[in-house]
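The values are calculated or read from the model by the stated rules, or taken from the named source; none is laboratory data. What you see is a predicted model; the values in this text were computed from it and never measured. Glycine gets a Cβ as well: all are built from the backbone with ideal geometry, and neighbour counts include every protein chain shown. For accessibility, only protein heavy atoms count, side chains too; no ligands or nucleic acids. Shrake-Rupley method; radii C 1.70, N 1.55, O 1.52, S 1.80 Å.
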Amino acid sequence: MIQRIQTIYLLLIAAAMAAVLFLPLATVQAGGVIYTYDVLGMHTTADASPVLAHPAWALGALSALVTALALVAVFLYRNRMRQMRLCIFNALLLVGFYVLFAFFLWNLSAQPGFHFSLRFALSLPLVSLILDYLAIRSIGADEMLVRSLNRLR
């Protein structure tokens, strides 16, 4: 299990997406108020206790689902085809994360004085997508190796 390179890729995906759950994705300024945008939504930063101004629970759900699916895929090392399908589905969810984030920002852009700056955590799903591609390639290479060995028997 741990001796395969795709296991390392999948563990790195899970770690990166777990970090996305806790780090801010963007800083938004709308109407003279500065907000912090994370996977749960847009929170005000002016008050001592943050107030949720715009919920975005779907981003949190997608991040948690990608993290869980990457960890599940680690333990499917005996069924490589199922592991590969799970990784492909994970890649689609990562693309959906960016589409959903862009949709939420597009909805917020109608407010007057809207400006945003992106944070480092927004690049982690892209890194996870690249690692997912590398894991899919490694799983495919293992499957081809096993099939070629079965043909020789």
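Restricting the search to the stretch 72-87, which residues are surrounded by 14 or more Cβ atoms within 10 Å (Cβ to Cβ) and either part of a helix (DSSP H, G or I) or among the acidic types (Asp, Glu) (or both)? Outline the logic, then answer.
Filtering the stretch 72-87 down to residues surrounded by 14 or more Cβ atoms within 10 Å (Cβ to Cβ) leaves 72-74, 76-77, 80, 83-87.
Result: 72, 73, 74, 80, 83, 84, 85, 86, 87.
Among the residues of the stretch 102-118 satisfying the criterion of being open to solvent by 80 Å² or more (accessible area, probe 1.4 Å), over 11 Å from residue 42 (Cβ atoms) and among the hydrophobic types (A, V, I, L, M, F, W, C), which is modelled with the lowest pLDDT?
110
Is one or more of the residues making up the stretch 26-38 touching a helix residue (DSSP H, G or I) at 6+ places or on another chain (Cβ under 8 Å) and of a type in the set (Gly, Ala, Ser)?
Yes, because at least one residue in the stretch 26-38 is touching a helix residue (DSSP H, G or I) at 6+ places or on another chain (Cβ under 8 Å) and of a type in the set (Gly, Ala, Ser).
Out of 91, 64, 18, I need the residue that is in a helix (DSSP H, G or I), over 29 Å from residue 114 (Cα atoms) and in contact with a helix residue (DSSP H, G or I) (Cβ under 9 Å, 6 or more places away or on another chain). Which one? Steps first, answer last, please.
On the way: 64 fails: over 29 Å from residue 114 (Cα atoms); 18 fails: over 29 Å from residue 114 (Cα atoms).
That would be 91, the only listed residue that is in a helix (DSSP H, G or I), over 29 Å from residue 114 (Cα atoms) and in contact with a helix residue (DSSP H, G or I) (Cβ under 9 Å, 6 or more places away or on another chain).
Just one of the numbered conditions (1) more than 18 Å from residue 26 (Cβ to Cβ); (2) at pLDDT 90 or above is not true of residue 98; which one?
With respect to (1) more than 18 Å from residue 26 (Cβ to Cβ); (2) at pLDDT 90 or above, residue 98 is out only on (1).
I'd like to check something: does the stretch 126-142 contain any residue that is more than 21 Å from the chain's Cα centre (by Cα), farther than 25 Å from residue 27 by Cβ and open to solvent by less than 50 Å² (accessible area, probe 1.4 Å)? Walk me through how you get there before you give the answer.
Quick first cut of the stretch 126-142, residues more than 21 Å from the chain's Cα centre (by Cα) only: 140-142.
In the following step, the residues that additionally are farther than 25 Å from residue 27 by Cβ were identified as 140-142.
Of the ones still in play, those that are also open to solvent by less than 50 Å² (accessible area, probe 1.4 Å) are 140, 142.
Yes: the stretch 126-142 contains one or more residues that are more than 21 Å from the chain's Cα centre (by Cα), farther than 25 Å from residue 27 by Cβ and open to solvent by less than 50 Å² (accessible area, probe 1.4 Å).
Could you grab the pairs with beta carbons closer than 7 Å, sequence gap of 6+ or different chains, first residue in the stretch 18-29 and under 13 Å from residue 104 (Cα atoms), second one of a type outside the set (A, V, I, L, M, F, W, C) and open to solvent by 30 Å² or more (accessible area, probe 1.4 Å)?
Cβ pairs passing all conditions: 25/38; 25/119; 26/117; 26/119; 28/35.
I'm told residue 46 meets every condition in (1) in contact with a helix residue (DSSP H, G or I) (Cβ under 6 Å, 6 or more places away or on another chain); (2) hydrophobic (A, V, I, L, M, F, W, C); (3) modelled with pLDDT under 90 except one. Can you identify the failing condition by its number?
Condition not satisfied by residue 46: (1).
Any residue that is touching a strand residue (DSSP E or B) at 6+ places or on another chain (Cβ under 8 Å), open to solvent by less than 40 Å² (accessible area, probe 1.4 Å) and more than 30 Å from residue 138 (Cα to Cα) - is there at least one of those in the stretch 47-59?
Within the stretch 47-59 (the criterion being touching a strand residue (DSSP E or B) at 6+ places or on another chain (Cβ under 8 Å), open to solvent by less than 40 Å² (accessible area, probe 1.4 Å) and more than 30 Å from residue 138 (Cα to Cα)), the answer is yes, since at least one residue qualifies.
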